[in-house]
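A short write-up of the structure that comes next.
Nothing in this text is a laboratory measurement; each read-out follows from the coordinates by a stated rule. Keep in mind that what you see is a predicted model, and the values were worked out from it rather than measured. When we count neighbours, we look across all protein chains shown, and the Cβ atoms used for this are built from the backbone with ideal geometry, even at glycine.
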Amino acid sequence: EDKVVQSPLSLVVHEGDTVTLNCSYEVTNFRSLLWYKQEKKAPTFLFMLTSSGIEKKSGRLSSILDKKELFSILNITATQTGDSAVYLCAVESYNFNKFYFGSGTKLNVKP
Amino acid sequence: EAQVTQNPRYLITVTGKKLTVTCSQNMNHEYMSWYRQDPGLGLRQIYYSMNVEVTDKGDVPEGYKVSRKEKRNFPLILESPSPNQTSLYFCASRDRDSYGYTFGSGTRLTVV
């Protein structure tokens, strides 16, 4: 059965901390892995990864994929209260272009 | 502005009363999909469509219907809603060769 598992489920940190969010997957015919940030409404796109070992970076956020070990991490450095959100990991399969979402990691950044 | 528009944003209804949640995208995307989001379960795909008149079941299709008569519209129909369909629903679309979906703002449905 295809699945995506995220950990931890929730995380509380203080401003300035660095956090690492994990996403492991078992998905047939892997096409891509995506990270989304969800605040109170629709998920917004952060990163898309298709190749192992190539870090994607956007400001304080970065992500990397390991296709051999079937996982990805999302790093956030110098966290701010505006980073508080649910972070979703999704894996796309070439099989009918289906997406499989993890249950998300809820990040709470305290001042 | 490129977007996916869902209506209504909030809906409270009673068990058994048929309802339709509309979804429209203005990006000429071929792929559209409906998801429901429940606490601890993430987003689960209800139905998806790869083009006009081409639809297929996702992971949780029971109790739902869809249609894709035009490229831009992909309504979600609940013929006889039940309380277990209380959830947050998202419509999403993407181009065939692109990665990742663009999501609508969501519809929070409560069935009492």
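When A:PHE101 is tested against (1) away from chain B (no Cβ under 14 Å); (2) within 30 Å of B:SER49 (Cβ to Cβ); (3) crowded, with 20+ Cβ neighbours inside 10 Å; (4) of a type outside the set (S, T, N, Q), just one condition goes unmet, and that condition is (1).
Can you go through B:GLU62, B:GLU70, B:GLU30, B:GLU1 and tell me which one is in contact with a strand residue (DSSP E or B) (Cβ under 7 Å, 6 or more places away or on another chain) and more than 18 Å from A:TYR36 (Cβ to Cβ)? Selected residue: B:GLU30, the only one of B:GLU62, B:GLU70, B:GLU30, B:GLU1 that is in contact with a strand residue (DSSP E or B) (Cβ under 7 Å, 6 or more places away or on another chain) and more than 18 Å from A:TYR36 (Cβ to Cβ). Within the stretch B:97-112, the set of residues being surrounded by fewer than 22 Cβ atoms within 10 Å (Cβ to Cβ), assigned to a loop (DSSP other than H, G, I, E, B) and on the phi < 0 side of the Ramachandran plot comprises B:ASP97, B:SER98, B:TYR99, B:SER105, B:VAL112.
Just one of B:ARG94, B:ARG72, B:ARG68 is out of contact with any Lys or Arg (no Cβ under 7 Å at 6 or more places or on another chain), basic (Lys, Arg), touching a residue at least 60 places away in the same chain (Cβ under 8 Å) and surrounded by 13 or more Cβ atoms within 10 Å (Cβ to Cβ); which is it? Please lay out each step first, then the result.
Working: B:ARG72 fails: touching a residue at least 60 places away in the same chain (Cβ under 8 Å); B:ARG68 fails: touching a residue at least 60 places away in the same chain (Cβ under 8 Å).
Criteria check complete, one pass: B:ARG94.
Looking across A:LYS68, A:LYS40, A:LYS56, one residue alone is away from every other protein chain (no Cβ under 14 Å) and free of Cβ contacts under 8 Å to residues at least 24 places away in the same chain. It is A:LYS68.
Considering only residues of the stretch A:85-97 that are in contact (Cβ under 8 Å) with a residue 40 or more places away in the chain and either farther than 11 Å from A:CYS23 by Cβ or surrounded by fewer than 20 Cβ atoms within 10 Å (Cβ to Cβ) (or both), which is farthest from the other protein chains (Cβ to nearest Cβ)? Outline the logic, then answer.
Going residue by residue through the stretch A:85-97, those that are in contact (Cβ under 8 Å) with a residue 40 or more places away in the chain are A:85-95, A:97.
Checking which are either farther than 11 Å from A:CYS23 by Cβ or surrounded by fewer than 20 Cβ atoms within 10 Å (Cβ to Cβ) (or both) leaves us with A:85-86, A:92-95, A:97.
Working: A:ALA85: 14, A:VAL86: 9, A:GLU92: 7, A:SER93: 11, A:TYR94: 12, A:ASN95: 11, A:ASN97: 6 Å.
My answer is A:ALA85.
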